[in-house]
Amino acid sequence: MRAVIDENPQQKSFVGAVDILKVELSLFWQRSIFFWGFIAASFIGYGVLIRDHKELALAISCFGLTCSLAWTLINRASKRWHENWLYKVQQMERVVFGSDTFSRLDEPDSPSTWWGGWRYSVTKLTIALSDFAVLIWIALVYKAAIASTLDLYSAAILVVTVLYLLAILFGCRSKRRIQGKE
């Protein structure tokens, strides 16, 4: 079968697109694991420090918020590229095989039970979790700011964090356009 694919350029392109799709999905999970480590360490640090070292707990919560915002944005960017390559694979599949043989989800005969499979997007659920982490960190930053003595150090941490979060939101957008689209 591989020899037949190597001879047909359309099938070769299809196999290449499938490989890239697999890489995109793998990178999505690798990035999530990377951020889970920083966020988990921040939660632990915050919990240990909030009682006796409120200013340091504020700095840790600002770091956790920054990591969580970066995580949720990276999840969205990864989801976008995953959807891009999934679309390409589906289009090539129709050309190569004449049908949606592999991308079509066949519905089971019986309805799903509580313990059976449900139609949820794993990547969308991960994005929802990362959004929730952002909300939790906003609450923890607020709590740490209220608990700390709002001196120049604490105010500077808050101002720098807000400015940095805005810089991430507006300065880290992709500028690359493909075929007239961003």
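Any read-out appearing in this document is the output of simple, stated calculations on the displayed coordinates, not a laboratory observation. Computed from a predicted model, the values in this text were never measured in an experiment. Reconstructed Cβ throughout: ideal geometry from the backbone, glycine too, with neighbour counts over all protein chains shown.
Overview of results
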item: Potential lengthening between R80 and W114 on full extension [0.36 nm per residue; Cα-Cα distance subtracted]; result: 9.2 nm
item: Whole-angstrom gap from the range 62-96 to the range 122-150, using each part's C-alpha centre; result: 22
item: Span-like helix ranges in the chain, DSSP H, alpha carbon extent 24 angstrom or more, Kyte mean at least 0.5; result: 9-49, 122-147, 152-171
item: Pairs from K54/K175; K54/K124; K143/K175; K22/K143; K124/K175 whose Cα-Cα separation, in the structure shown, is over 31 Å; result: K54/K175; K54/K124; K143/K175; K22/K143
item: 222 nm mean residue ellipticity, helices alone, for the chain (DSSP H n ≥ 4; -39,500 (n - 2.57); rounded to 500); result: -27000 deg cm²/dmol
item: Backbone N within the range 49-92 under 19 Å of label point (7 Å from K124 Cα along the Cβ vector); result: 72-88, 90
item: Cβ charges +1 (Lys, Arg) and -1 (Asp, Glu), total dipole of the chain, debye; result: 460
item: Spin-label pair D100/D52, simplified geometry with 7 Å Cα→Cβ offset, distance in nm; result: 6.1
item: Proxy reagent accessibility, fewest Cβ within 10 Å first, across I157, I33, I136; result: I33, I136, I157
item: Inter-site label distance for T149 and L169 at 7 Å from Cα along Cβ, in nm; result: 3.2
item: Neighbour-count ranking [beta-carbon atoms within 10 angstrom, fewest first] of K143, K12; result: K12, K143
